[in-house]
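The values are calculated or read from the model by the stated rules, or taken from the named source; none is laboratory data. What you see is a predicted model, and the numbers here were worked out from it, not measured in a lab. Cβ atoms come from the backbone with ideal geometry, glycine included; neighbour counts cover every protein chain shown. The accessibility values were calculated without ligands, DNA or RNA, using every heavy atom of the protein model including side chains. Shrake-Rupley method; radii C 1.70, N 1.55, O 1.52, S 1.80 Å.
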Amino acid sequence: MSERVDVAVLGMGPGGEVAASRLMQAGKRVAVFERELIGGECAYWACIPSKTVLRPSEAQTEVQRAAGVGGAELNWSETSDYRDYMIRNLDDAGQVEGYSKQGALVIKEDARITGPGRIQAGGQEVIAEHIIIATGSDAVIPPLEGLSEITAWTNRETYTATTLPGSVVIVGGSAVGVETATFLSRFGVHVTLLQRGNRLIDREEPRVGELAHHYLEAAGVDVRLNASAKRGRRDGGSSVIELDDGSTATGDVVIFATGRKPRTAGLGFEDVGVSIGQHGQVQIDEQCKAAENVWAIGDVTGVMPFTHVAKYQGRIAAEAILGGSRKAFYDGIPRVVFGEPEIAAAGLTQQQADHAGLRTVSTELDVADAIARPWTYEKDPVGNLGLLVDTDAKVLIGAWAVAPLAGEWIHHASLAIRARLPLDTLRDQVAQFPTYHEAYLAALDNIKA
Ligand SMILES: Cc1cc2nc3c(=O)[nH]c(=O)nc-3n(C[C@H](O)[C@H](O)[C@H](O)COP(=O)(O)OP(=O)(O)OC[C@H]3O[C@@H](n4cnc5c(N)ncnc54)[C@H](O)[C@@H]3O)c2cc1C
C-alpha cells in the first residue's frame with residue numbers, strides 16, 4: 001500500500017536537509033529519500049572533508065608566518081583520523097535515526113518520480129502533495145582517450161584517501177582544483193595543476209587568478225595554463241596525461257576537478273512537467289518552483305553550486321510550500337576558495353558589470369600598505385582587496401579579496417551588495433582596529449565621493 005505524505009524530499013544533501021527540517025518543524029508529514037548517505041556530497045566527500053584537511057596546513061602556515069612562534073608539524077595520520085570522524089566514517093545511521101525520531105518517513109533507496117505526486121523507491125510507493133527535487137550533482141570526468149589506463153580520481157577518492165599519493169596531476173584550475181592543489185602540496189605531494197584556459201579561477205576577476213597562481217607556485221605547485229588534456233596513458237606505475245601542445249604531465253594519480261553536472265537522468269522529472277535546461281539543470285522560478293507542486297533546490301538547479309545556496313533555496317522552497325511568498329535572489333552571495341591565503345568574492349566582476357551596461361569604478365588595495373592588522377598578524381604580510389562600485393547608483397556591486405581570513409570578512413561586502421547599502425553608509429562604518437575589516441574603509445577612500 002502507498003504511504004501518503006505532505007512533502008517528499010528527493011535527495012538529502014544540505015538543500016534537502018534544510019527543506020525537510022523546516023517543513024517538519026511546521027508540522028508537515030515528510031518523506032525523505034536518500035540513495036547514499038544523509039548529508040549528501042557536502043558532508044562526506046566535499047565541503048566538510050576538504051575544509052578539515054586544509055585546516056592543519058592553514059594553521060602551520062599561520063605559525064610559520066607569525067612572529068615569535070615555531071615548530072608546527074603536519075601529521076597526515078592524525079589529520080585523516082579527524083577527517084574520518086568529521087565524515088562520520090561514511091555512516092549516516094545517526095541521521096537516519098534522527099530524522100525518523102522527528103517523524104519523517106526515511107527511505108534509504110534510489111527514488112524516481114513516476115507521476116504527479118508519486119515516487120517509487122525500492123519497491124515502495126509514496127504519494128505526496130508536494131515533491132522537492134534535491135538530487136545534487138555528479139562529478140564530470142571528460143571522455144579522454146586512454147581514461148581506463150590511468151588511475152583517475154574525483155573529489156570522492158581524494159577526500160576519503162587514507163594514504164596520500166606521492167604525486168598527482170590535477171585537471172581543472174577552478175575552486176576544487178585550487179583547494180585540492182593547496183591541500184596536497186602542503187602535505188608534501190608533488191602537484192601538477194593543469195588549467196585549460198589562460199588563468200586559474202576564471203569566473204572571478206583576472207587579478208584573482210593571477211594571485212592564486214602566484215601563491216600556488218610559491219607553495220611548490222607546478223601550475224600549467226593553456227594546458228588541455230588530450231589523452232591518458234600508463235607508464236609503469238604512473239599515470240600520464242598528454243597535453244595538446246605535445247608536453248606531458250605525470251603522477252601516481254590523476255584527479256579530475258573538471259566541474260559537475262546536475263543529477264536528473266532517468267528520474268522521471270520531465271514526466272511531471274519539469275523543464276531541463278541546456279546544462280542539464282532543473283529550471284526553477286524565484287520560489288524554486290519547477291512545475292505544479294514540484295520544487296527544486298541546490299546543485300540540481302545549476303544556480304550557484306554551493307552548500308549555502310542549496311540551504312538558502314531549501315528555506316525558500318519550504319516557505320513557498322507553507323504558503324509564503326518570499327523570492328530567492330542571488331545578488332552578493334559569497335564565493336570562497338579555501339586556498340592559502342583565502343580567496344573570496346561577492347557580486348559582479350568587471351566583465352559582468354560591463355555586460356549589464358553599468359558605469360563603474362574599481363579599486364585594488366594592498367592591505368599591508370593601508371592597515372595595521374596584516375602587520376600584527378604576520379611578519380611578511382600579504383593580502384589584496386578589490387572593490388567595484390556602480391557610479392550612478394553609488395553602491396558597491398562587486399568585491400574580491402585574496403588575503404588571510406578573507407572568507408570571513410567578505411561578508412561585509414556580501415551584505416552591502418545584497419542590501420544595496422549606499423556608499424556613504426559604508427564610509428560611515430566604524431571597523432574595529434586592528435582588523436582586516438578596516439581594508440574596506442581604506443579601499444573606499446580610494447574611490448572619489
Ligand atoms: C571538493 C568539493 C568541495 C566543496 N566545498 C564547498 C564548500 O566549502 N562550500 C560550499 O558552499 N560548497 C562546496 N562544494 C559544493 C557543495 O558540495 C554542493 O554545492 C552541495 O553539496 C550541494 O548540495 P545539494 O543538497 O544540492 O546536493 P548534494 O550534496 O549533492 O546532495 C544530493 C543528495 O541527493 C541524493 N540523491 C541523488 N539522486 C537521488 C535519488 N534518485 N534518490 C535518492 N537520493 C538521491 C544523493 O545521494 C545526495 O546525497 C564543494 C564541492 C566539491 C566537489
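Looking only at the range 35-45, decide whether some residue is closer than 30 Å to PRO381 by Cα and not small (Gly, Ala, Ser). Can you show your working first?
Taking the range 35-45 as the starting set, the residues that turn out to be closer than 30 Å to PRO381 by Cα are none.
No - not one qualifying residue is present in the range 35-45.
From ASP299, ASP285, grab the single residue that is among the acidic types (Asp, Glu), away from the ligand (no atom under 13 Å from the Cβ) and closer than 19 Å to GLU270 by Cβ. So the residue among ASP299, ASP285 that is among the acidic types (Asp, Glu), away from the ligand (no atom under 13 Å from the Cβ) and closer than 19 Å to GLU270 by Cβ is ASP285. Looking across the range 250-282, the residues that are touching a helix residue (DSSP H, G or I) at 6+ places or on another chain (Cβ under 8 Å) and free of Cβ contacts under 8 Å to residues at least 24 places away in the same chain come down to ILE276, GLN281.
Scanning the range 112-144 for residues that are surrounded by fewer than 23 Cβ atoms within 10 Å (Cβ to Cβ) and within 13 Å of ARG35 (Cα to Cα) yields ARG112, GLN120, ALA121, GLY122. Considering only residues in the range 57-78 that are open to solvent by less than 60 Å² (accessible area, probe 1.4 Å) and in contact (Cβ under 8 Å) with a residue 40 or more places away in the chain, the one that is nearest to the ligand (Cβ to nearest atom) turns out to be GLU58. Go through the range 203-227 and give me each residue that's in contact with a Ser or Thr (Cβ under 7 Å, 6 or more places away or on another chain), open to solvent by 10 Å² or more (accessible area, probe 1.4 Å) and within 21 Å of ASP245 (Cα to Cα). Across the range 203-227, the qualifying residues are ASP222, ARG224.
The numbered conditions (1) within 11 Å of the ligand (Cβ to nearest atom); (2) touching a His at 6+ places or on another chain (Cβ under 8 Å) are all true for GLY251 except (1). State all residues of the range 34-55 that are under 24 Å from ALA8 (Cβ atoms), within 6 Å of the ligand (Cβ to nearest atom), under 14 Å from the mean Cα position of the chain (by Cα) and of a type outside the set (Asp, Glu); if no residue qualifies, say none. Once the filter is applied, which keeps residues that are under 24 Å from ALA8 (Cβ atoms), within 6 Å of the ligand (Cβ to nearest atom), under 14 Å from the mean Cα position of the chain (by Cα) and of a type outside the set (Asp, Glu), the range 34-55 yields GLY40, CYS42. Is the range 81-92 home to any residue that is assigned to a loop (DSSP other than H, G, I, E, B) and open to solvent by 60 Å² or more (accessible area, probe 1.4 Å)? Yes, the range 81-92 contains at least one residue that is assigned to a loop (DSSP other than H, G, I, E, B) and open to solvent by 60 Å² or more (accessible area, probe 1.4 Å). Quick check: is even one residue across the range 191-202 over 30 Å from LEU388 (Cβ atoms) and either within 16 Å of the ligand (Cβ to nearest atom) or open to solvent by 20 Å² or more (accessible area, probe 1.4 Å) (or both)? Yes, the range 191-202 contains a residue that is over 30 Å from LEU388 (Cβ atoms) and either within 16 Å of the ligand (Cβ to nearest atom) or open to solvent by 20 Å² or more (accessible area, probe 1.4 Å) (or both).
GLY386 fulfils the conditions (1) over 16 Å from THR360 (Cα atoms); (2) open to solvent by less than 10 Å² (accessible area, probe 1.4 Å) except for a single criterion, (1).
Can you name every residue in the range 389-413 that is of a type in the set (Gly, Ala, Ser) and surrounded by 20 or more Cβ atoms within 10 Å (Cβ to Cβ)? Lay out the reasoning, then the answer.
In the first step, residues of the range 389-413 are kept if they are of a type in the set (Gly, Ala, Ser); the result is 393, 398-399, 401, 403, 406-407, 413.
Scanning the range 389-413 gives GLY398, ALA399, ALA401, ALA403, ALA406, GLY407, ALA413.
Picking from residues in the range 93-111 that are surrounded by fewer than 17 Cβ atoms within 10 Å (Cβ to Cβ) and out of contact with any Lys or Arg (no Cβ under 9 Å at 6 or more places or on another chain), the one that is farthest from MET24 (Cα to Cα) is ALA93. When you check ARG260 against the structure, is it within 16 Å of the ligand (Cβ to nearest atom) and surrounded by 17 or more Cβ atoms within 10 Å (Cβ to Cβ), yes or no? The answer is yes for ARG260.
Results for (1) in a strand (DSSP E or B); (2) acidic (Asp, Glu); (3) open to solvent by 20 Å² or more (accessible area, probe 1.4 Å); (4) over 23 Å from GLY13 (Cβ atoms), shown as yes or no for each residue.
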residue: ARG233; (1), (2), (3), (4): yes, no, yes, yes
residue: GLU242; (1), (2), (3), (4): yes, yes, yes, yes
residue: ALA249; (1), (2), (3), (4): yes, no, no, yes
residue: ALA265; (1), (2), (3), (4): no, no, yes, no
residue: VAL274; (1), (2), (3), (4): no, no, no, no
residue: ILE284; (1), (2), (3), (4): no, no, yes, no
residue: GLN287; (1), (2), (3), (4): no, no, yes, no
residue: ALA290; (1), (2), (3), (4): yes, no, no, no
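For residues that are touching a residue at least 40 places away in the same chain (Cβ under 8 Å) and open to solvent by 10 Å² or more (accessible area, probe 1.4 Å), scanning just the range 306-320, find the one that is nearest to GLU17 (Cα to Cα).
Filtering the range 306-320 down to residues touching a residue at least 40 places away in the same chain (Cβ under 8 Å) leaves 307, 310-311, 313-315, 317-319.
Adding the requirement that they be open to solvent by 10 Å² or more (accessible area, probe 1.4 Å) leaves 307, 311, 315, 319.
On the way: THR307: 11, LYS311: 8, ARG315: 10, GLU319: 14 Å.
Checking each candidate, the answer is LYS311.
VAL254 meets the conditions (1) farther than 30 Å from GLY332 by Cβ; (2) touching an Asp or Glu at 6+ places or on another chain (Cβ under 7 Å) in every case but one. The failed one is (2).
When THR360 is tested against (1) open to solvent by less than 30 Å² (accessible area, probe 1.4 Å); (2) without any contact (Cβ under 8 Å) to a residue 60 or more places away in the chain; (3) β-branched (Val, Ile, Thr), just one condition goes unmet, and that condition is (1).
Sort out which residues of the range 407-438 are among the hydroxyl-bearing types (Ser, Thr, Tyr) and assigned to a helix (DSSP H, G or I), and write them in order of number.
Result: SER414, THR425.
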